[in-house]
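Encoded as structure tokens, the structure appears first; notes follow it.
The values are calculated or read from the model by the stated rules, or taken from the named source; none is laboratory data. A quick note: this is a predicted structure, and the numbers were derived from the prediction, not measured. Cβ placement follows ideal geometry from the backbone for every residue including glycine, while neighbour counts extend to all protein chains displayed. Remember, those area values only see protein heavy atoms, side chains included, never the ligands or the DNA or RNA. Shrake-Rupley method; radii C 1.70, N 1.55, O 1.52, S 1.80 Å.
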Amino acid sequence: MTPSALEGLIQALRCLPGVGPKSAQRMAYHLLQHDRKGALQLVAALNNALEGVRHCQRCNTFSEQDICDRCSSPKRDASLLCIVETPVDMNMMEQTLAYQGLYYVLMGRVSPLDGMGPRQLGLEKLMERVLDGVVKEVVLATNYTNEGEATAHYLSTLLAEKGIRVSRLARGVPVGGELEFVDPGTLAQAFRERRTVDE
């Protein structure tokens, strides 16, 4: 019979994406049998992240400060705002070196099957940001999945009503693809060839 504390660890590890019961069991046994020091480091790092990382008040990404370094940088073009689904997508955009504007991270996407509608995405905060009088163009860089497309369509309609210029990454990003898996060259090309949503 598996000790309850070990079973609890196995179940906790299953919360990670792509980790099933067998993988979680292997990880738990490995940490306890071969790498207790690593397990302690993992606990400390997780606690530090949970205590020290919060959302940037301007772009909603993860940050240790109220305003992240990107948002506070005077070198960024504040008139250009790129909307992405996740911080990983934002990091991929940065790797292209093709974009020098600012970001807004949705921390999700419109997905009714998962219970995620526009209200759950907290779009009020995004609209405040877009309508601050500084933003001139919004680049929709959501994924080319069904949910990403639905999110882009919803946002483009919402923003067009406010008179904001809206563009979308060009189709250099493969249909059904997610930004974190696209190579930087393809992503840079997609950014350069972005188009307005109504074209």
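The residue list 101, 38, 117 contains one member that is modelled with pLDDT of 95 or more, out of contact with any helix residue (DSSP H, G or I) (no Cβ under 6 Å at 6 or more places or on another chain) and small (Gly, Ala, Ser), which is 101.
For region 52-66, enumerate the residues that are β-branched (Val, Ile, Thr) and open to solvent by 50 Å² or more (accessible area, probe 1.4 Å).
Start the filter on region 52-66 by keeping residues that are β-branched (Val, Ile, Thr), which leaves 53, 61.
Matches in region 52-66: 53 only.
Does residue 70 qualify as being touching a residue at least 24 places away in the same chain (Cβ under 8 Å), assigned to a loop (DSSP other than H, G, I, E, B) and open to solvent by 40 Å² or more (accessible area, probe 1.4 Å)? Judged against the criteria, residue 70 is not a match.
Looking at residue 198, is it open to solvent by 10 Å² or more (accessible area, probe 1.4 Å), out of contact with any Pro (no Cβ under 8 Å at 6 or more places or on another chain) and modelled with pLDDT under 85? Taking the combined requirement at face value, the residue satisfies it. Of all residues in region 30-55, those satisfying the criterion of being over 30 Å from residue 65 (Cβ atoms) and without any contact (Cβ under 8 Å) to a residue 12 or more places away in the chain are 30, 33, 34, 35, 36, 37.
A residue that is over 16 Å from the mean Cα position of the chain (by Cα), in contact (Cβ under 8 Å) with a residue 60 or more places away in the chain, farther than 16 Å from residue 60 by Cα and surrounded by 14 or more Cβ atoms within 10 Å (Cβ to Cβ) occurs somewhere in region 178-187. Of all residues in region 130-174, those that are closer than 22 Å to residue 108 by Cβ, in contact with a Phe, Trp or Tyr (Cβ under 9 Å, 6 or more places away or on another chain) and open to solvent by 40 Å² or more (accessible area, probe 1.4 Å) total 1. Number of residues in region 17-51 that are within 30 Å of residue 78 (Cα to Cα) and either of a type in the set (Phe, Trp, Tyr) or surrounded by 10 or more Cβ atoms within 10 Å (Cβ to Cβ) (or both) equals 1.
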